[in-house]
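Step one of this worksheet: look at the structure below.
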Amino acid sequence: MGDIINPYNKPLITVETEFFGRTLSLEINRVGFRSSASVLVRYGETVVLGTAMVSPERLSHFDYFPLSIDYEEKMYAAGKVSGSRFIKREGRPSDDAILIGRLIDRPIRPLWPKGYRHEVQGVATVLSMDPAFRPDMIAMIAMSTAFSLTGAPFDGPVAGLRVAQKEDGSFTAFAEAEVYNEGVLDLVVAGTKNGVMMVEAGASEVSEETISSAIAWAYEAMQPAIDLQKQLVEKVGVKELEYELDLPKDEIQQAVDKWVEGKFGENLRAPYPERNDLVYELRSEFHNAMEDMVGEDSYKDLKSEYDNAFTLALHKDVRKGIVEESVRPDGRGLTDIRPLSSQVGILPRVHGSSIFTRGVTQALNVVTLAPLSYSQMVDTMERSGERRYIHHYNAPGYTVGEVKRLGSPGRREIGHGYLAERAITAVLPNETDFPYMIRSVTEIMSQNGSTSMAATCSSCLALMDAGVPLKRPVSGIAMGLMMDGDRPIILSDIADAEDFAGDMDFKVTGTTNGITALQMDMKVHGLPVEVLTQALAQSKAGRAHILEHMVSIMPEPNKNLSPYAPRVESIQINPDKIRDVIGKGGEMINKIIAETGAEIDIKDDGTVFIASPDGASIERTIKIIKDLTTEPEVGKIYEGTVAKVMDFGAFVTIMPGTDGMVHVSEMSDTRVNHPSDVVKEGDKVTVKLVAIDDRGRLNLIMKKAKQ
């Protein structure tokens, strides 16, 4: 293959280990010479390039950590060219790529120190994809390795596994896509040497015990990938970069702590939204006081530091109340759920609608039904096919009381929509029983914690309102955590204040039978599996409470669809007859559509879906298709049309494209001298099919045909 000459005279360095039956290797100094760090990760025939860039300048004017992590799909990696007729270059990332980028980001972001303001960029590019397994977890390893090699204060390394459960109950990783898609569990676990950092799952009503066991198995199984990254860092001898954190100065924090003394605690404990108003008023009073103390001109440059110090003090107060008194900011106990209220059928012209309200958080959901031909086409590096059920999530600025420009959905909106989509997927009817494409759209009306779980609950109610026959209703809850040393304090149904001040954000959805989706993110540097198991157990009671409320509003799906929804029926035909329905160049199917006004979708297995708002149109379409595809049956009586009269008998069309012969001797009980004495072309006659010869010719009789 030839050799690569490194222009910086750095030698190729490779480390490798056996990992789930394949060799996992990390290699540096082959590519990416000018990046802060780059690594090629190989596993099977998958190759992922991880690159990291760390800006040498500290961006002190930023009030957040400027980290971006992207996952780049390349169609060539799978030996594919885009199926689009016009666009062949990779453009806007697919939803799958955005979700994987987010999946990689979530366990990595908390491992940087608070106040770090150097701009950091990570890009994981899939250069070659082994079709035997998904490349996302190899991309996570590549990204973690690259950050570890920069010398920046990244407290990794991180590794992840995508776990499936086999039929015998055991767990496996790096399985083929079908194992996850058709199995009961698709679980991603990411962690460090110290503990679990992130969990995400889609499941078919799996028990809490199974989820806990899978997390524990994955955490132990990923350790060789973590050790390998550490081995590479030690072999390279990475030099640590100097940095300075942007944290409130001690004197500012002390001044703030002194001012807020006696003003927090009981004074701010009130139900939402009253507490939010109290905090807003106190923050305004604080800034006025600090401006008077510091001076108007000087305070302009220091206001953000004082505001950050106030926020830190507020978070400390929230933690103190929960840890020391077991009282939450709005006065709730640790397991209390905020007030719930819901409505269904609130929008007259849509196919299904609901509003779900929990405290100040509110979600409006609208469901639209369409024929299966409206399913979304998916064409990515990993998969090609159709997407029948879609959940879209929108949260404009007004939902958090901000002026914010409207635009296309961001990573958060796509991620929240996907989580709510996974929550419901396990209980959807199959397309044979309910032949519809389903679009569910959540419009968040107000935010104060856990809008993705509100989206889940509202979508479930709206789907049942639309008449979608869900197997069981699904509810969701967001759990929180505050660690007091080694003592975990778990909170049910967290609001914003507890989320910002806490150590974990943990969302669980499920039915009475088990869990359907899970998303867990840590803000501390890893948690033991035992703590996550405890959180799972506590979430079950919270989910049940919310589900009880939902069932009181909508006990079961509506029996009838909205009068504005299309009607869809299906019939089964011989797959060999599909060409007869479609016709040459689509001539026949287009003729049927023009004649009946119905929409027709034909699957390869011979299932034909007919959609129309008019029942008569569907019946007419079904009759035409049956006439085109029905096989002649010996002994069956047909109403036919005389196609041609001959000297020896007449040809009769008994179904489109199918003629049979009635011999003159079989036309009447009395003697017939000539067939034209009995029938002429175009006559409607009743005939009976009595035989089909070895050449496929049909023998018909007219006499005694009705007997």
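The values are calculated or read from the model by the stated rules, or taken from the named source; none is laboratory data. Worth saying up front: this structure is predicted, and the values here are computed from it rather than measured. No Cβ is skipped: glycine too gets one built from the backbone with ideal geometry, and neighbour counts run over all protein chains shown.
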Scan the stretch 166-191 for residues that are within 22 Å of Gln534 (Cβ to Cβ) and touching a Leu at 6+ places or on another chain (Cβ under 7 Å) and jot them down.
Val188, Val189
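Quick one: which of Ile4, Ile28 is β-branched (Val, Ile, Thr), out of contact with any Cys (no Cβ under 6 Å at 6 or more places or on another chain) and not assigned by TED's automatic domain parsing to the domain that holds Leu99? Show your work before the answer.
Working: Ile28 fails: not assigned by TED's automatic domain parsing to the domain that holds Leu99.
None of the others qualify; the one that does is Ile4.
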Search the stretch 333-392 for residues being touching a helix residue (DSSP H, G or I) at 6+ places or on another chain (Cβ under 6 Å), crowded, with 20+ Cβ neighbours inside 10 Å and β-branched (Val, Ile, Thr), and hand back the single one that is nearest to Asn558 (Cα to Cα).
Val344
State whether the residues of the stretch 282-292 include one that is outside any helix (DSSP H, G or I) and either surrounded by 15 or more Cβ atoms within 10 Å (Cβ to Cβ) or assigned by TED's automatic domain parsing to the domain that holds Gly21 (or both).
no
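Yes/no matrix, rows are residues, columns are (1) surrounded by 15 or more Cβ atoms within 10 Å (Cβ to Cβ); (2) of a type in the set (Gly, Ala, Ser); (3) not assigned by TED's automatic domain parsing to the domain that holds Ile438:
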residue	(1), (2), (3)
Lys584	no, no, yes
Met588	yes, no, yes
Lys591	no, no, yes
Ile600	yes, no, yes
Asp604	no, no, yes
Thr607	yes, no, yes
Ala616	no, yes, yes
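I need the full set of residues from the stretch 1-17 which are without any contact (Cβ under 8 Å) to a residue 40 or more places away in the chain and under 24 Å from Met140 (Cβ atoms), in order please.
Taking the stretch 1-17 and keeping what is without any contact (Cβ under 8 Å) to a residue 40 or more places away in the chain, we get 1-12, 14.
If the condition is that a residue be without any contact (Cβ under 8 Å) to a residue 40 or more places away in the chain and under 24 Å from Met140 (Cβ atoms), then Leu12, Thr14 are the ones that fit.
Here is a yes/no grid of residues against (1) surrounded by fewer than 19 Cβ atoms within 10 Å (Cβ to Cβ); (2) modelled with pLDDT of 95 or more; (3) among the polar types (S, T, N, Q); (4) in contact with a Cys (Cβ under 9 Å, 6 or more places away or on another chain):
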site: Gln519; (1), (2), (3), (4): no, yes, yes, no
site: Gln534; (1), (2), (3), (4): yes, no, yes, no
site: Ala544; (1), (2), (3), (4): yes, yes, no, no
site: Leu547; (1), (2), (3), (4): no, yes, no, yes
site: Met550; (1), (2), (3), (4): no, yes, no, yes
Out of the residues in the stretch 659-704 that are part of a loop (DSSP other than H, G, I, E, B) and surrounded by 18 or more Cβ atoms within 10 Å (Cβ to Cβ), state the one that is modelled with the lowest pLDDT.
Val672
Checked the stretch 393-403 for anything of a type outside the set (A, V, I, L, M, F, W, C) and surrounded by 19 or more Cβ atoms within 10 Å (Cβ to Cβ); matches are Tyr393, Thr399
Mind listing just one residue for me: the one in the stretch 162-184 that is modelled with pLDDT of 95 or more and under 18 Å from the mean Cα position of the chain (by Cα) and, of those, surrounded by the most Cβ atoms within 10 Å (Cβ to Cβ)?
Val163
Top-ranked residue of the stretch 397-430 - restricted to ones that are in contact (Cβ under 8 Å) with a residue 12 or more places away in the chain and more than 19 Å from the chain's Cα centre (by Cα), ranked as farthest from Asn560 (Cα to Cα):
Val400
Only one residue in Asn513, Asn558 is in a loop (DSSP other than H, G, I, E, B), touching a residue at least 24 places away in the same chain (Cβ under 8 Å) and under 18 Å from Ala201 (Cβ atoms), so which one is that?
Asn513
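Restricting attention to the stretch 216-257, and to residues there that are among the small types (Gly, Ala, Ser) and in contact (Cβ under 8 Å) with a residue 24 or more places away in the chain, which single residue is farthest from Leu302 (Cα to Cα)?
Here is the first cut: in the stretch 216-257, the residues among the small types (Gly, Ala, Ser) are 216, 218, 221, 225, 237, 255.
Filter once more, so that each one left must be in contact (Cβ under 8 Å) with a residue 24 or more places away in the chain: 216, 218, 221, 225, 255.
Values: Ala216: 46, Ala218: 46, Ala221: 48, Ala225: 45, Ala255: 13 Å.
Selected residue: Ala221.
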